[in-house]
Structure formats: structure tokens, C-alpha cells
Amino acid sequence: MSIEVQKEDALAIVTINRPDALNAFTTELILEMTDKMKEIAADDSVRVVIITGAGEKAFVAGADIQEMSEKDHDGAVAFSRRGHKMCDAIEAMPQPVIAAINGFALGGGCEIAMACDVRLAAEQAKLGQPEVSLGIPPAWGGTQRLPRIIGIGRAKEIIFSGRQVSAQEALGIGLVNGVYPADQLMDEAKKLAASFMKNAPGAVAASKKLMNRTMETSISSGNIHESKLFAEAFNGEEQSEGMEAFLERRKPSYSHPATDD
């Protein structure tokens, strides 16, 4: 198996383990990753997910170019759609997903990272969408997610040039949320995960769903859905526990799984 999942209490750490190929994705690996994400999404015991790459050089260096080079038109369509399904599965998970970018995150690797909710990078990490240098555009959502994250002007410059973006530049343009020495990256990712896990999982899941929806709808439509999920929270135990704990000046105790509402 090239996708390893390690659980530490309510935290699931997903490691892409193909370091000899800089963790590049083949069709087989795409399908394996998609299945793993769906399994974790359905696991009520998991509160936060961290995705990282094995080795010291790469998060995911991209899709396997040898495999791509052998595809015809129909094969390319299938390859792209499988990549979309994988990234969509990551984005749709009810749990917050943190990308711990330990090295190169190029092409499909950058697209996987962008499907995560938060991105943390090691100081030596490089991100980018270099597909145009291979005679193709991005295929796993890069042209869609990158403009939404950093703005369309910067996204066009990065995609048109195909250049690699340093971790520090990525931080400056909002592509990553933090940059750390390589030996501190996972500790920082776990600290961030802990800050998420102290809160009500159902409320976090609802907040994620609402924010993801803003990319596909108007503010007025999003506000209607926000009010719906806000009101539904008052039917559950998390709201009563959270507010009672506040009024009683104690820390709340949340043990309920994230919901699909």
C-alpha cells in the first residue's frame, strides 16, 4: 500500500509513501487515495486529518509523467476526472484536513494540497503548477482552486509561467498558512490539529461545509444555508454543552462525532 494511515487518538495522519518516485501519483495511487479519504471521512472517531509525504524531498512531486505520456485523448479525460474525484473527496471530508507540505508540491501535488483546508509548509518546500512546460494545462483542479485561494491575477502568473513558488512566497500570497523548519513541521501541524479538536466537531464540520459552499454560490444563498445549519445546531447536544460550559466558566467536553448536516 502506498497510502499509509496512522491514527493518534482522534487524529489521522495520512502519508503518501512513494519516496523513490518523489511520491508521484499513478492512476493506482489516485484510486487508493480516493478510497482512503472516503473511509476516513466516514470514521466518526477521526476529528482532524493531516496529509503529508514520505521522505525529505517531496510532499507530492506531481502526477507520474511516464504514465501520462502514454495516454490518448480518452485516457487523459479519465485521468483528469479521477484526479478531480480524489481532490473533491479530500475537500468534502467533514473533518478539517491539514496539508503538511514537507517538500515539492508541484502539479498534482499542489492540487492535492489546495484541496486541503489548511496548508503548512517546510522552509524548503516548493509549490507550483508547471504543467504548461509539458504542453498541458493543470488537470486536477489547479485552474479552479488556485485563483480562489490567491486571486486570479497571481494564479494566472504562476500557472502561465510554470515557475516554482518558495514556501516564503507562498506564505506571502496566502497559498500556505505557515512556514516552519522541516523538523518542526509535523509538530506544528499536530498543534494546529489540537486547536481544531478542542471545539465541537459538528460545528466545525458545518462551518467547513458552509465555507466550501461560498465558492459555488452567492452570498445571499450562502447566508440562507448558514441560518439553516446555525438553527439545526440548537437541536443537538454540542450547542447546549458549549453554552452551558461558557456560562459555568469551564471548558466544554465534546465527544460527539461530526455530522453530515
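So if I check each of ALA99, ALA121, ALA105, ALA89, which one is assigned to a helix (DSSP H, G or I) and small (Gly, Ala, Ser)?
Values: ALA99 fails: assigned to a helix (DSSP H, G or I); ALA121 fails: assigned to a helix (DSSP H, G or I); ALA105 fails: assigned to a helix (DSSP H, G or I).
Going through ALA99, ALA121, ALA105, ALA89 in turn, the sole match is ALA89.
Would you call SER227 free of Cβ contacts under 8 Å to residues at least 60 places away in the same chain, under 30 Å from LYS251 (Cα atoms) and under 17 Å from the mean Cα position of the chain (by Cα)?
On the way: free of Cβ contacts under 8 Å to residues at least 60 places away in the same chain: yes; under 30 Å from LYS251 (Cα atoms): yes; under 17 Å from the mean Cα position of the chain (by Cα): no.
Considered against the rule, which asks whether it is free of Cβ contacts under 8 Å to residues at least 60 places away in the same chain, under 30 Å from LYS251 (Cα atoms) and under 17 Å from the mean Cα position of the chain (by Cα), SER227 comes out as no.
Mind checking whether some residue in region 213-226 is in the same structural domain as GLN129 (by TED's automatic domain parsing), surrounded by 14 or more Cβ atoms within 10 Å (Cβ to Cβ) and not aliphatic (A, V, I, L, M)?
Our first condition is that a residue be in the same structural domain as GLN129 (by TED's automatic domain parsing); within region 213-226, this holds for none.
No, because not a single residue in region 213-226 is in the same structural domain as GLN129 (by TED's automatic domain parsing), surrounded by 14 or more Cβ atoms within 10 Å (Cβ to Cβ) and not aliphatic (A, V, I, L, M).
Can you name the residue in region 44-63 that is farther than 24 Å from ASP183 by Cα and touching a Lys or Arg at 6+ places or on another chain (Cβ under 9 Å) and is also surrounded by the most Cβ atoms within 10 Å (Cβ to Cβ) among such residues?
VAL46
Only residues in region 195-206 that are under 14 Å from ILE98 (Cα atoms) count as the first member; pair them with residues that are in a helix (DSSP H, G or I), Cβ under 6 angstrom, at least 6 apart or cross-chain, and list the lot.
none
Scan region 237-253 residue by residue and report those that are surrounded by 12 or more Cβ atoms within 10 Å (Cβ to Cβ), touching a residue at least 12 places away in the same chain (Cβ under 8 Å) and out of contact with any helix residue (DSSP H, G or I) (no Cβ under 6 Å at 6 or more places or on another chain).
GLU237, GLU241, GLY242
I'd like the full set of residues that are of a type in the set (Gly, Ala, Ser) and closer than 9 Å to VAL60 by Cβ, limited to region 104-125.
ALA105, GLY107, GLY108, GLY109, ALA113
Quick check, is ARG148 free of Cβ contacts under 8 Å to residues at least 60 places away in the same chain and among the basic types (Lys, Arg)?
On the way: free of Cβ contacts under 8 Å to residues at least 60 places away in the same chain: no; among the basic types (Lys, Arg): yes.
No; evaluated as a whole, the condition is false for this residue.
Name the one entry in ILE30, ILE50, ILE40, ILE16 that is in contact (Cβ under 8 Å) with a residue 40 or more places away in the chain, closer than 29 Å to GLY202 by Cα and under 11 Å from the mean Cα position of the chain (by Cα).
Working: ILE30 fails: under 11 Å from the mean Cα position of the chain (by Cα); ILE40 fails: under 11 Å from the mean Cα position of the chain (by Cα); ILE16 fails: under 11 Å from the mean Cα position of the chain (by Cα).
Only one candidate qualifies: ILE50.
Do we have SER161 as surrounded by 12 or more Cβ atoms within 10 Å (Cβ to Cβ) and either in the same structural domain as ALA99 (by TED's automatic domain parsing) or in contact (Cβ under 8 Å) with a residue 60 or more places away in the chain (or both) here?
On the way: surrounded by 12 or more Cβ atoms within 10 Å (Cβ to Cβ): yes; either in the same structural domain as ALA99 (by TED's automatic domain parsing) or in contact (Cβ under 8 Å) with a residue 60 or more places away in the chain (or both): yes.
Yes; evaluated as a whole, the condition is true for this residue.
Of the residues LYS7, LYS38, which is more than 17 Å from LEU106 (Cα to Cα), of a type in the set (D, E, K, R) and not in a helix (DSSP H, G or I)? Break it down stepwise before answering.
Numbers: LYS38 fails: not in a helix (DSSP H, G or I).
Unique residue meeting the criteria: LYS7.
Taking GLY107 as the residue in question, decide whether it is within 18 Å of LEU146 (Cβ to Cβ) and crowded, with 24+ Cβ neighbours inside 10 Å. Quick ask: steps written out before the conclusion?
On the way: within 18 Å of LEU146 (Cβ to Cβ): yes; crowded, with 24+ Cβ neighbours inside 10 Å: yes.
Here the answer is yes, as GLY107 does meet what is asked.
The values are calculated or read from the model by the stated rules, or taken from the named source; none is laboratory data. Treat the numbers as computed from the prediction; the structure is a model and nothing was measured. In this analysis, Cβ positions are derived from the backbone assuming ideal geometry, glycine residues included, and neighbour counts consider all displayed protein chains.
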